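Presented below is the structure to which this report refers.
Computed from the coordinates by the stated procedures, all read-outs in this text should not be read as laboratory data. Predicted model, so just to flag it, every value in this text is computed and none were measured. Don't worry about glycine lacking a Cβ; one is built from the backbone with ideal geometry, like all the others, and counts go over all protein chains shown.
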Amino acid sequence: MAEEFKSLHPLKYYRDYYSHDIRPDGREFTDFRPVIVNVDSIKTANGSAVVKIGRTTVICGVKAELCKPKPDLPRQGFLLPNLELPALCSSKFKSGPPSHEAQALTQLIADIIENSKCINLEDLCILTDKLAWVLYADLICLDYDGSLVDACMIALISCLKSVKLPEIDYDPALDIKQVNIENMRPLKVHFTPVATTFAVFDDKIILADPVIEEENLCTGVLTIVVSGDELCCVHKPGGSPLSEEELMDCIEKSKKRAKSIKKLIDKAVREENK
Amino acid sequence: MPLDHKRLNGPEESVPYELFLRHKQETVEIKTLDEVTKDSDISREHPKIYLKTGTVSQAKGSAYIEIGETKIIVTVFDPKEIPNKQDYSLKGEISCEFKYAPFSCTKRRLHQQDNEEKRNSLIMKKALESAVCLHEIPNFQVAIHSLVLQNDGSALSGAIIAAGVALAEAGVPMFDIITSMTLEICRSNEIDSLRKMTGQIQVAGEKSHYGTIIISKLHANEQICQVHQTGFIPGDQLKNYITVLSKSCDSIAAIVKKCLLKEVVNHIK
């Protein structure tokens, strides 16, 4: 009976739950879903991670290749995070070129990575103006059940922490490269930016870590990215207005969550490196 | 290649570092067909398989399969009307999409579907068409999407097995269980440049014979519904190879049955 009611009157279904201060999946308004991180499961990639937040699943794999640095930035390598929302993750998407949503999120994630300075691109340069690493970090959503940015950020950061690059001997005079695969070095990840998504329902209720139905029905979404104690990005694309206290409250909650997520990522990476 | 403006683009040219390796990789040993048939029970000659249903919550049916080290995820969505169609058709349609993740192979794959992926989509479609009761879903189209997360042989076969299970979970009417297997015949004179693939059966060919054979099988009436062969093998050998593949398909069918049974039991609970 509840299932039929949910599909016929979704808004009323959720409102009824919220009036009793509980969400349909049994969480309170400020509860987060459990997070699972699995590192280095794809052997063909230089680093990989699978992350589940509730049912939302994102996989990230990094492939490292060699290239020539750009003439205007001769000391820097490249890190290219591309998010893909394939048709297999939700009936909302079609196969073919990336949707507007995928493009917008790719840019958001790239901006977060750049602003947080978690990777120093100069670490990726092997020889100035001659040789550098390019890291193709491909994020693929496998199950789209809300809070996608949160999952993507955890996947990307855990993946980068698991990346190992071989040592390269390069002779610029003769243009000879030699790769020493026995000497693999981990990539330095300086900071751990963690994203937390909130949804605003009916202009007043703030829900942490919304599922896809809640995201679709709510009147506004807010994503806060913190790295340690510092704020690195607040993304609020329109929607219901929030008061200053509400916003500060959300930031406090994200900071608290970021700490536990950072511990989780570090533990997952450490276990794998043992 | 034209620039892809919908994604972040890096440098124009980049090369995989594996090209400049200092040490050669160690050689692998591959048995010939006679050796395989002689020293082991042939029905056990298939890679390790893990199969799970219901991995994607947003889809109607989904399955995840591991064959050796190959990892594939397949989803099936609700049937919808065939797009851009004027007249009514008595038979339904299935559309298949086969895609490698960019990081799934030793060499990086591009985002757009390449010719190999398109060919595999087509083979997958043909194989699955024989297993689905298309007359039961007139004028409707079932979309099947598969994504290879890691490729270590048998990617197409894995996608076909998983698609069969995902279709069953989605409740699409089907004639039969479908299984598939890949056999690679390696060139015996180039055996040192070979890579051991854990996902498929590998045998060493006689003289300079080489190739790949993929078969799909329906089990109720022991029908082989799809064969795809590339390479160069004498005709009389083909029969032996197909017998090996067919037997390993039989043992996979048992795994598929077990997996479906588990799904049904969970559903009743």
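Can you give me the three principal axis dimensions of region A:32-273 from its C-alpha atoms, in Å, biggest first?
Over region A:32-273, Cα extents along the principal axes are 67, 38, 38 Å.
Is there a simple number for the mean count of other chain Cβ atoms within 10 Å of the Cβ of residues in A:110-119, and what is it?
That average works out to 0.
By count of other Cβ within 10 Å, fewest leading, how are A:23, B:7, A:270 ordered?
Details: A:23 21, B:7 18, A:270 11.
Lowest to highest Cβ neighbour count: A:270, B:7, A:23.
Counting other Cβ atoms within 10 Å, keep those with at most 12, restrict to DSSP loop, and tell me which GluC sites (Glu not before Pro) in region B:189-269 are left.
Qualifying residues, ordered by number: B:222.
With a point put 7 Å past each Cα toward its Cβ, work out how far residue B:115 is from residue A:174 in nm, to one decimal.
3.8
What does the helix-only formula give at 222 nm for chain A: each DSSP H stretch with n ≥ 4 adding -39500 (n - 2.57), the total divided by the residues, and the result rounded to the nearest 500 deg cm²/dmol? Intermediate results must be reported in sequence, preceding the final value.
Numbers: 6 runs with 85 residues, N = 274.
Rounded to the nearest 500, the figure is -10000 deg cm²/dmol.
In what sequence do B:124, B:181, A:184 fall when counting other Cβ within 10 Å, fewest first?
Arranged by neighbour count, lowest to highest, B:124, B:181, A:184 become A:184, B:124, B:181.
Work out from phi, with θ = phi - 60° and the Karplus expression 6.51 cos²θ - 1.76 cosθ + 1.60, the ³J(HN,Hα) of each residue of region B:48-58, listed in order in whole Hz, and give x for Gly and Pro.
5, 10, 10, 9, 9, 9, x, 8, 10, 6, 6
Given a cut-off of under 8 Å on Cα pairs at least six residues apart, what relative contact order in percent is computed for chain B?
22
Pairs to check: A:161/A:267; A:68/B:118; B:207/B:239. Give those whose C-alpha atoms are more than 21 Å from each other in this structure.
From A:161/A:267; A:68/B:118; B:207/B:239, over 21 Å: A:68/B:118.
Rounded to whole Hz and in sequence order, give me ³J(HN,Hα) for region A:182-191 from the Karplus expression 6.51 cos²θ - 1.76 cosθ + 1.60, θ = phi - 60°, writing x for Gly and Pro.
6, 10, 9, 10, x, 7, 7, 10, 7, 10
When the Kirkwood radius is taken over all Cα pairs of region A:146-185, what Stokes-Einstein diffusion coefficient follows at 25 °C and 0.890 mPa s, in µm²/s? Let's see the in-between values first.
Working: Rh = 12.6 Å.
Here the translational diffusion coefficient equals 194 µm²/s.
Add -39500 (n - 2.57) for each DSSP H run of 4 or more in chain B, then divide by its residues: what number comes out at 222 nm, to the nearest 500 deg cm²/dmol?
Calculated at 222 nm, the ellipticity per residue is -9000 deg cm²/dmol.
Beyond 14 Å, how much of the Cα-Cα pair distribution for region A:80-172 remains, as a whole percent? Write out the running numbers ahead of the final one.
Numbers: 2995 of 4278 pairs.
Tail of the P(r) past 14 Å holds 70 percent of the pairs.
Working from the alpha-carbon coordinates of region B:70-216, get Rg over Rh, Rh being the Kirkwood radius. Provide the component values of the computation, followed by the final result.
Details: Rg = 17.2 Å, Rh = 16.5 Å.
That ratio equals 1.04.
Straight-line reach from residue A:70: which lysines have Cα under 17 Å away, leaving out those fewer than 8 places along the same chain?
Leaving aside lysines fewer than 8 places away in the same chain, those within reach of residue A:70 are A:130.
Mind checking which lysines have their C-alpha under 20 Å from residue A:12, skipping anything on the same chain fewer than 8 residues away?
Cross-link targets: A:204.
Suppose the Debye formula is applied to equal point scatterers at every Cα of region A:32-80; what is log10 I(q)/I(0) at q = 0.27, 0.28, 0.32, 0.33 Å⁻¹?
-0.96, -1.00, -1.13, -1.16
Along the three principal axes, how long is chain B when you take its alpha carbons, biggest first, rounded to the nearest angstrom?
56, 52, 40 Å, listed from the longest principal axis down.
Using only alpha-carbon positions, what ratio does the radius of gyration of the protein assembly as shown give when scaled by 2.2 N^0.38 Å? Don't skip to the end; give the middle numbers.
On the way: Rg = 25.2 Å, N = 543, 2.2 N^0.38 = 24.1 Å.
Dividing the Cα radius of gyration by 2.2 N^0.38 Å gives 1.04.
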